[in-house]
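Accompanying notes for the structure given below.
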Amino acid sequence: MVLYLRIFQAGVFTTVFWRLVKVTDATASGLVEVLTSTFSDDCIPTSLLYSFASDGASVLRGADRGVAVQVFLWALVFLLG
């Protein structure tokens with residue numbers, strides 16, 4: 001999976017390549033596990049997360065259990081916790 005970060009620096013938003021990570025489980029839960037562990041491994045605090053973007057694949061945008069929903073709930077736990 002190719003991961004990019006959109007950062008705000010010096011008054012400008014910029015999209016930068018972050019990492020290429022190996023995916024062995026392409027389900028929504030598997031992708032979320034890879035994504036959350038990558039944030040953790042790279043010491044990126046969840047308090048800095050503001051949005052999620054994808055290519056629109058159904059596993060990513062599924063309304064009930066897609067990656068976008070699971071990442072939102074994962075980030076919410078840290079924001080409220």
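The values are calculated or read from the model by the stated rules, or taken from the named source; none is laboratory data. Values in this document were obtained by computation on a predicted structure and should not be read as measured data. No Cβ is skipped: glycine too gets one built from the backbone with ideal geometry, and neighbour counts run over all protein chains shown.
In segment 9-56, what residues are within 15 Å of V69 (Cβ to Cβ) and not aliphatic (A, V, I, L, M)? Spell out the reasoning first.
Let us first name the residues in segment 9-56 that are within 15 Å of V69 (Cβ to Cβ), namely 27-33, 35-36, 49, 51-54, 56.
T27, S29, G30, E33, T36, S51, F52, S54, G56 - these are the residues of segment 9-56 that are within 15 Å of V69 (Cβ to Cβ) and not aliphatic (A, V, I, L, M).
Run down V34, V23, V69 and say which single residue is among the β-branched types (V, I, T), modelled with pLDDT of 75 or more and not in a helix (DSSP H, G or I). If you could, list the steps in order and put the result at the bottom.
Details: V34 fails: not in a helix (DSSP H, G or I); V69 fails: not in a helix (DSSP H, G or I).
Among V34, V23, V69, only V23 is among the β-branched types (V, I, T), modelled with pLDDT of 75 or more and not in a helix (DSSP H, G or I).
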Query - Number of the condition not met by T27 [criteria: (1) free of Cβ contacts under 8 Å to residues at least 24 places away in the same chain; (2) under 14 Å from M1 (Cα atoms); (3) β-branched (V, I, T)] - result: (1)
Query raised in the report: Of all the residues that make up segment 16-29, how many are over 17 Å from D55 (Cα atoms) and either in contact with an Asp or Glu (Cβ under 9 Å, 6 or more places away or on another chain) or surrounded by 14 or more Cβ atoms within 10 Å (Cβ to Cβ) (or both)?
Result: 1
Requested in this report: Could you please find all residues in segment 37-59 being farther than 14 Å from Y4 by Cα, in a helix (DSSP H, G or I) and at pLDDT 85 or above?
Outcome: S37, S40, D41
